[in-house]
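The values are calculated or read from the model by the stated rules, or taken from the named source; none is laboratory data. Everything numeric in this text was worked out from a predicted model, so none of it was measured. Cβ placement follows ideal geometry from the backbone for every residue including glycine, while neighbour counts extend to all protein chains displayed.
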Amino acid sequence: MQAFTVHKGLVAPMDRENVDTDAIIPKQFLKSIARSGFGPNLFDAWRYLDPGEPGQDPASRKPNPDFVLNQPRYQPGPSGSPGASILLARSNFGCGSSREHAPWALEQYGFRALIAPSFADIFFNNCFKNGLLPIQLPESQVARLFDEVFAFPGYALTIDLPRQVVIKPDGTELPFEVQPFRKYCLVNGFDDIGLTLRHADKIKAFEAERLARMPWLAHTLVG
């Protein structure tokens with residue numbers, strides 16, 4: 001999992017409340033458990049005017065010009081400048097089913113952080129497990145950020161996770177809370193497997209000692 005320390009990125013506004021996980025990644029794309037390839041179908045029903053199916057070439061489809069992520073100001077520039085990597089959202093983002101594909105799709109599209117007044121609990125937890133930083137700010141601060149994003153093309157924020165602040169272009173700092181263990185995992189790039197592998201030497205030693213005491217475990221039964 002990619003570590004998260006300090007990130008500066010272009011902000012895209014998702015000006016809708018109660019965005020559910022079926023909108024984030026529709027059900028027809030949940031057939032794969034490979035944890036890859038979901039970015040092109042993020043917000044699929046909103047990004048495209050025609051229905052999409054797994055494996056379909058995005059270049060063959062009709063983008064919805066009115067959808068926020070299809071607007072040029074939030075996409076990568078011709079000179080190689082990156083597109084939006086911070087998603088600004090309204091309350092109860094990520095509600096609905098508990099599909100882990102939702103944070104996979106957001107991360108694979110290119111988002112590193114989400115900012116909203118509130119998130120659905122399971123989605124909130126899944127974000128941390130997949131390298132996304134969900135930040136909860138007071139509704140008044142989020143509303144002000146929406147106004148500024150709409151008013152200023154190229155609006156970018158800096159997120160300093162070690163210091164737990166969102167830094168606006170004028171230098172104003174907005175503090176946010178994050179549980180210490182979740183912060184530790186993100187700063188160090190540890191998902192659940194990474195946390196376990198910290199103890200790889202102890203695990204190997206335990207397995208070797210157990211095998212020495214119970215050597216029959218080395219034999220495979222043939223059915």
Next on the checklist: Out of the residues in segment 77-100 meeting the condition of being surrounded by fewer than 16 Cβ atoms within 10 Å (Cβ to Cβ) and under 20 Å from Leu10 (Cα atoms), tell me which one is modelled with the highest pLDDT.
Outcome noted: Pro82
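Could you pull out the residue among Pro26, Pro72 that is exposed (fewer than 13 other Cβ atoms within 10 Å of the Cβ) and either within 24 Å of Ile115 (Cα to Cα) or touching a strand residue (DSSP E or B) at 6+ places or on another chain (Cβ under 7 Å) (or both)? First the steps, then the outcome.
Numbers: Pro26 fails: exposed (fewer than 13 other Cβ atoms within 10 Å of the Cβ).
Step by step, each of Pro26, Pro72 is checked, and only Pro72 is exposed (fewer than 13 other Cβ atoms within 10 Å of the Cβ) and either within 24 Å of Ile115 (Cα to Cα) or touching a strand residue (DSSP E or B) at 6+ places or on another chain (Cβ under 7 Å) (or both).
Quick check on segment 29-62: of everything there that is of a type in the set (A, V, I, L, M, F, W, C) and at pLDDT 90 or above, which residue is surrounded by the fewest Cβ atoms within 10 Å (Cβ to Cβ)? Can you show your working first?
First, pick out the residues of segment 29-62 that are of a type in the set (A, V, I, L, M, F, W, C): 29-30, 33-34, 38, 42-43, 45-46, 49, 59.
Filter once more, so that each one left must be at pLDDT 90 or above: 29, 38, 42-43, 45-46, 49.
Working: Phe29: 21, Phe38: 24, Leu42: 25, Phe43: 21, Ala45: 15, Trp46: 19, Leu49: 13.
Out of the qualifying residues, it is Leu49.
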Checklist entry - Of the residues that sit in segment 179-200 and are part of a helix (DSSP H, G or I) and modelled with pLDDT under 75, which one is farthest from Asn130 (Cα to Cα)? => result Ala200
Item to check | Lone unmet requirement of (1) of a type outside the set (D, E, K, R); (2) in contact with a Ser or Thr (Cβ under 9 Å, 6 or more places away or on another chain); (3) at pLDDT 95 or above for Ile203 | outcome: (3)
Checklist entry - Does Gln164 satisfy being under 23 Å from Gly189 (Cα atoms) and either of a type outside the set (Asp, Glu) or without any contact (Cβ under 8 Å) to a residue 12 or more places away in the chain (or both)? => result yes
Checklist entry - Given the conditions (1) in a loop (DSSP other than H, G, I, E, B); (2) closer than 19 Å to Asp20 by Cα, which single one is not true for Pro40? => result (1)
Item to check | Failed criterion for Arg99 (all others in (1) in a loop (DSSP other than H, G, I, E, B); (2) farther than 17 Å from Ala23 by Cβ hold) | outcome: (2)
Checklist entry - In segment 42-93, which residue that is aromatic (Phe, Trp, Tyr) and over 22 Å from Glu148 (Cβ atoms) is farthest from the chain's Cα centre (by Cα)? => result Tyr48
Next on the checklist: Take Gly223 and tell me if it is under 21 Å from Gly9 (Cβ atoms), of a type outside the set (Val, Ile, Thr) and modelled with pLDDT under 95.
Outcome noted: no
